[in-house]
Amino acid sequence: MTGAPKTRPRTSLMLIRQGMLWFGVIGTLLIGIRHLLPGEAASGGAFDAFCPFGALETLWAYLTRGQTLKTTNLLNFAFISGVLGVSLVAGRAFCGWMCPVGAVQEWLAGLVRRLSGEKRSVRGKPSKARYPLHLPAWADRPLRYAKYVVLFAVLLASVAAVYPPLHAFCPARAIFSFKLTTGLLWSVLITFIVTSLLVERLWCKYLCPLGAALAIFNKLSPVRLRADFNACNHCGRCDIDCSMGIKDVPDNLSDTECIRCLECLETCAREDALVIKVGDMR
């Protein structure tokens, strides 16, 4: 018995998550608006200085050649310190609870579901919408490694760069900076929107270098989900609702692809089959 599918009322946990995503998006929008103001705030580095991944780029440049990258400053390190602090405790929870780019992808996926045939979203039940898609396994599996290639390429380019190498290609900058001054940034914005409508969380799954850098923390963090296989009947509801497309979720709760969004916990029909535990590092 899998239990009757649940409609999608938001529990307090999911309402908190949505609130934090909105906080991340609104905060990033305000940074982008500040970027437009006259004076120092409108200089080229204003938006880049708030990017946590920019800290990794400039740190690598400093370690390899003794110089930091232009448009970055100590604010980058403040933000990456917060992201790493969250990751040390709860793995890739930043990706699932705070990242504004992830939030936009999630909302675009919800929009296209409604536009392509989903009248009502039901937990644990396959969507009738045509989009967004999950890529077939033969394409999905190799593409999962692409974000690590992007991470390596960006850090390698940082060795000789003047500006952060991701600066010209960053979807966060394209979405939130309000300064689409190049055709390349317009291309990034349009490509990001179209691909997010077609494939669920494409940037998170295949291209995000920050997600690649944080992936290891899913194996190290003390706060994690655990499955009780005496209660779990492998009904597959959590697989259906996983936006990252993880298969056999109860067996892969520490998978490096997991963004700790807890949608699997939310959709589970069996009491205590999935639980949050602290310090259980098995």
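The values are calculated or read from the model by the stated rules, or taken from the named source; none is laboratory data. All values reported here derive from a predicted model rather than from experimental measurement. Glycine also receives a Cβ, built like all others from the backbone with ideal geometry; neighbour counts cover every protein chain displayed.
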Of the conditions (1) surrounded by fewer than 16 Cβ atoms within 10 Å (Cβ to Cβ); (2) of a type in the set (Asp, Glu); (3) part of a helix (DSSP H, G or I), the single one that Asp272 does not satisfy is (3)
If we keep only residues of the stretch 226-246 that are surrounded by 20 or more Cβ atoms within 10 Å (Cβ to Cβ) and assigned to a helix (DSSP H, G or I), then the residue farthest from the chain's Cα centre (by Cα) is Arg237
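Tally time: how many residues in the stretch 105-126 are in contact (Cβ under 8 Å) with a residue 60 or more places away in the chain and more than 26 Å from Ile276 (Cα to Cα)?
Within the stretch 105-126, the subset in contact (Cβ under 8 Å) with a residue 60 or more places away in the chain is 105-106, 108-109, 111-112, 120-126.
Narrowing the set further to residues that are more than 26 Å from Ile276 (Cα to Cα) leaves 108-109, 111-112, 120.
Going through the stretch 105-126 one residue at a time, the tally reaches 5.
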Is it true that some residue in the stretch 262-271 is within 24 Å of Gly102 (Cα to Cα) and without any contact (Cβ under 8 Å) to a residue 12 or more places away in the chain? no
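Within the stretch 160-177, is even one residue outside the structural domain of Trp60 (by TED's automatic domain parsing), farther than 23 Å from Ser87 by Cα and in contact (Cβ under 8 Å) with a residue 60 or more places away in the chain? Explain how you work it out, then say what you get.
Filtering the stretch 160-177 down to residues outside the structural domain of Trp60 (by TED's automatic domain parsing) leaves none.
Within the stretch 160-177 (the criterion being outside the structural domain of Trp60 (by TED's automatic domain parsing), farther than 23 Å from Ser87 by Cα and in contact (Cβ under 8 Å) with a residue 60 or more places away in the chain), the answer is no, since none of the residues qualifies.
Could you identify the single residue in Val89, Val101, Val149, Val154 that is under 17 Å from Leu197 (Cα atoms) and either in contact with a helix residue (DSSP H, G or I) (Cβ under 8 Å, 6 or more places away or on another chain) or part of a helix (DSSP H, G or I) (or both)?
Working: Val89 fails: under 17 Å from Leu197 (Cα atoms); Val149 fails: under 17 Å from Leu197 (Cα atoms); Val154 fails: under 17 Å from Leu197 (Cα atoms).
Among Val89, Val101, Val149, Val154, only Val101 is under 17 Å from Leu197 (Cα atoms) and either in contact with a helix residue (DSSP H, G or I) (Cβ under 8 Å, 6 or more places away or on another chain) or part of a helix (DSSP H, G or I) (or both).
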Would you please name the residue that is modelled with the lowest pLDDT, looking only at residues in the stretch 104-131 that are of a type in the set (A, V, I, L, M) and either part of a helix (DSSP H, G or I) or in contact with a strand residue (DSSP E or B) (Cβ under 9 Å, 6 or more places away or on another chain) (or both)? Val122
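State whether one or more residues within the stretch 218-225 are in contact (Cβ under 8 Å) with a residue 24 or more places away in the chain, of a type outside the set (Lys, Arg), crowded, with 18+ Cβ neighbours inside 10 Å and part of a helix (DSSP H, G or I).
In the first step, residues of the stretch 218-225 are kept if they are in contact (Cβ under 8 Å) with a residue 24 or more places away in the chain; the result is 218-225.
Among the residues that remain, those that are also of a type outside the set (Lys, Arg) are: 218, 220-223, 225.
Pick out the ones that are also crowded, with 18+ Cβ neighbours inside 10 Å and you get 218, 221, 225.
Narrowing further to those that are part of a helix (DSSP H, G or I): 218.
Yes, the stretch 218-225 contains a residue that is in contact (Cβ under 8 Å) with a residue 24 or more places away in the chain, of a type outside the set (Lys, Arg), crowded, with 18+ Cβ neighbours inside 10 Å and part of a helix (DSSP H, G or I).
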Leu133 passes all but one of the listed conditions (1) touching a residue at least 40 places away in the same chain (Cβ under 8 Å); (2) of a type outside the set (D, E, K, R); (3) surrounded by 16 or more Cβ atoms within 10 Å (Cβ to Cβ); the exception is number (3)
Within the stretch 9-35, restricting attention to residues that are out of contact with any Lys or Arg (no Cβ under 7 Å at 6 or more places or on another chain) and not in a helix (DSSP H, G or I), which residue is modelled with the highest pLDDT? Thr11
Mind checking whether some residue in the stretch 247-256 is exposed (fewer than 15 other Cβ atoms within 10 Å of the Cβ) and at pLDDT below 90? no
Mind checking which residues of the stretch 61-82 are among the aliphatic types (A, V, I, L, M) and either under 18 Å from Gln18 (Cα atoms) or not in a helix (DSSP H, G or I) (or both)? Leu69
